[in-house]
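A short reminder: the numbers here are calculations on the coordinates, not readings from a lab. What you see is a predicted model, and the numbers here were worked out from it, not measured in a lab. Glycine gets a Cβ as well: all are built from the backbone with ideal geometry, and neighbour counts include every protein chain shown.
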Amino acid sequence: MKQIHPFYELHRDAMEAAMRHRLGLAEAMLRERAHLPDADAIGQEVMDEFETVLTQMPYVGGAASRMSDFIMRLMGFMAISRVLRKHGVPLSVIGEIERESYKAQLLTVSEAERLASGRQFMSPENRTLLREQAAKSATTSHQKEFPDDFVYDFVEPDAGDDFEFGINYRACGFCKFAARHGDKDILPNICGLDFDAYATRGIRLERTQTLAGGASHCDFRFSRLPPD
């Protein structure tokens, strides 16, 4: 039986707790929109499938890589999507349930903490880190060591651009995962989670294309949302 990578094993309890919390937030939607009356049984199926996902999660460098956090926070949605798909729930409904439950989960964090996280992401110090990690991601040695990792470029704004900085993802760990495990049809729902992930931290994300949609890269563009 395939084992969970030691890095993810260290974070397993927290990831499982986050999944249970997310399923609790989705319970009413599972009944009313997915027409699955036994939400408890569905929740157990999802947690069982999440055990499989944990063994499939690619290692991309652990604490040294910013992408490890994305994988740990979002791969659980693969388990939710797989189970709901098996029960015949339309992909559009799966996407709605996932987005709304994820946003509700994000909003359980205090506004002050969320906005502080957003300011840190947009800070000059973090931009320096992003430039460094982007350059590293594109090296042959890094891609050889972590073939399932993301590859991306840091994008500086030109005169007249209305964003503060951007990231072009030329290879995506989620796309690689989905292609390997037969999840390409549910991948766009995972992409759709990005907007609330940033908006709840006071960041506007603009994106016109994705690798999952067949483009050459995902064009993330970031700027600060005006305060309410």
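When you restrict to C-alpha pairs under 8 Å that are six or more residues apart and normalise by the size of region 113-224, the relative contact order lands at 27 percent. Divide the volume of the convex hull around the Cα atoms of region 1-99 by the residue count and you get 96 Å³ per residue. Summing +1 for each Lys or Arg and -1 for each Asp or Glu among the other residues whose beta-carbon sits under 15 angstrom from that of Phe220 gives 0. In percent, rounded to a whole number, the relative contact order of region 6-106 is 37, using alpha-carbon pairs under 8 Å and six or more apart.
Per DSSP helix of 4 or more residues, -39500 (n - 2.57); summed, then divided by the residues of the chain. What does that give at 222 nm, rounded to the nearest 500? Helices in the chain give a 222 nm mean residue ellipticity of -17500 deg cm²/dmol.
For region 113-224, the Cα-based Rg and Dmax, in that order, read 14.6, 42 Å. Annotation: lysines with alpha-carbon distance below 27 angstrom to Lys103 (same-chain offsets under eight excluded): Lys86, Lys176, Lys184. Put simply, the Cα atoms of region 85-158 extend 42, 36, 27 Å along their principal axes, the longest span coming first. As a rough guide to protection, the peptides 29-40, 120-131 ranked by mean Cβ packing within 10 Å, highest first, stand as 29-40, 120-131. Restricting to the chain, compute how many DSSP beta bridges are antiparallel as a %, nearest 5. Roughly 100 percent of the DSSP beta bridges within the chain come out antiparallel. The ellipsoid equivalent to the alpha-carbon distribution of the chain has semi-axes of 29, 22, 17 angstrom, derived from the gyration tensor eigenvalues as √(5λ) and listed largest first.
Using Cα pairs under 8 angstrom and six or more residues apart, how large is the relative contact order of the chain, in percent?
It rounds to 18 percent for the chain.
At a Cβ-Cβ separation cutoff of 4.7 angstrom, cysteine residues of the chain with no neighbouring cysteine are Cys191, Cys218.
Spatial offset of region 106-170 relative to region 39-76 amounts to 21 Å, using the alpha carbon center of each.
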